[in-house]
Amino acid sequence: MFPENNTTPKKGWIEVISGSMFSGKTEELIRRIKRAQIAKQKVEIYKPVIDSRYAKEKVVSHDANEIHSVPVTTSSEILNRMKDADVVAIDEVQFFDMEVVDVCVALANKGIRVITAGLDKDYLGKPFGPMPALMASAEYVTKVHAVCMCCGALANFSHRISEDDSLIVLGEKNNYEPLCRECFIKATKK
């Protein structure tokens, strides 16, 4: 029997889409968002204010698919801005502070589907910011791969080709190339 007043609680969960630069993370995030919208679910999309490469208020994939988003300075701002969403999507999640994990868990605990996308490793090949903790907290983790620019194998490293050694350098093909493990090791031994 169904409850008369429709009091069945919503079930929330966390999804993480991770991989290297040019692996299709944002493309997959947008695909999932659009499917939720087709299902008439209320979707809210956030991204870090630091990511203004393509558009200030849009999540944009490298192949120019785009969807409106809200830029935020901190992860806690997501909780403060959120209205009545069934689905909350967060792009470039690796740029947020560690509190983003608690934010995602709090949203999921409220019955919200949380979809995140971000780099799993930085340009040195090390786990990137909150990603390991977020992946451990998630019910679903999808690892996507690019194609190695040197040998054509599956790539899961973002090799920085510019000289800047800051942890965060926004860029595209002018700053990064996807490489497989073997080619990444060769490239970083120079």
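Could you please find all residues in the range 111-133 being in a loop (DSSP other than H, G, I, E, B) and among the basic types (Lys, Arg)?
Matches in the range 111-133: Lys126 only.
Among the residues of the range 93-110, which ones are in a loop (DSSP other than H, G, I, E, B) and without any contact (Cβ under 8 Å) to a residue 60 or more places away in the chain?
Scanning the range 93-110 gives Phe96, Asp97, Met98.
Could you grab me the full set of residues in the range 47-75 that are touching a Ser or Thr at 6+ places or on another chain (Cβ under 6 Å), at pLDDT 65 or above and within 19 Å of Ser18 (Cα to Cα)?
Once the filter is applied, which keeps residues that are touching a Ser or Thr at 6+ places or on another chain (Cβ under 6 Å), at pLDDT 65 or above and within 19 Å of Ser18 (Cα to Cα), the range 47-75 yields only Lys47.
Taking the conditions exactly as written (within 30 Å of Ile161 (Cβ to Cβ) and touching a helix residue (DSSP H, G or I) at 6+ places or on another chain (Cβ under 7 Å)), does Ala89 satisfy them or not?
Yes, satisfied.
Taking the range 70-92 on its own, how many of its residues are among the charged types (D, E, K, R) and outside any loop (DSSP other than H, G, I, E, B)?
2
Filter the range 141-186 down to residues that are modelled with pLDDT under 95 and either small (Gly, Ala, Ser) or part of a helix (DSSP H, G or I) (or both) and give me whichever is nearest to Gly24 (Cα to Cα).
Ser158
Restricting the first residue to the range 11-31 and requiring it to be in contact (Cβ under 8 Å) with a residue 40 or more places away in the chain, which pairs with a second residue that is among the basic types (Lys, Arg) and part of a strand (DSSP E or B) meet a Cβ separation below 8 Å and a spacing of at least six or different chains?
Correct list of pairs: Gly12/Arg113; Trp13/Arg113; Glu15/Arg113; Ser18/Lys143; Gly19/Lys143; Ser20/Lys121.
The values are calculated or read from the model by the stated rules, or taken from the named source; none is laboratory data. What you see is a predicted model, and the numbers here were worked out from it, not measured in a lab. Please note: Cβ atoms are built from the backbone with ideal geometry, for glycine as well, and neighbour counts cover all protein chains shown.
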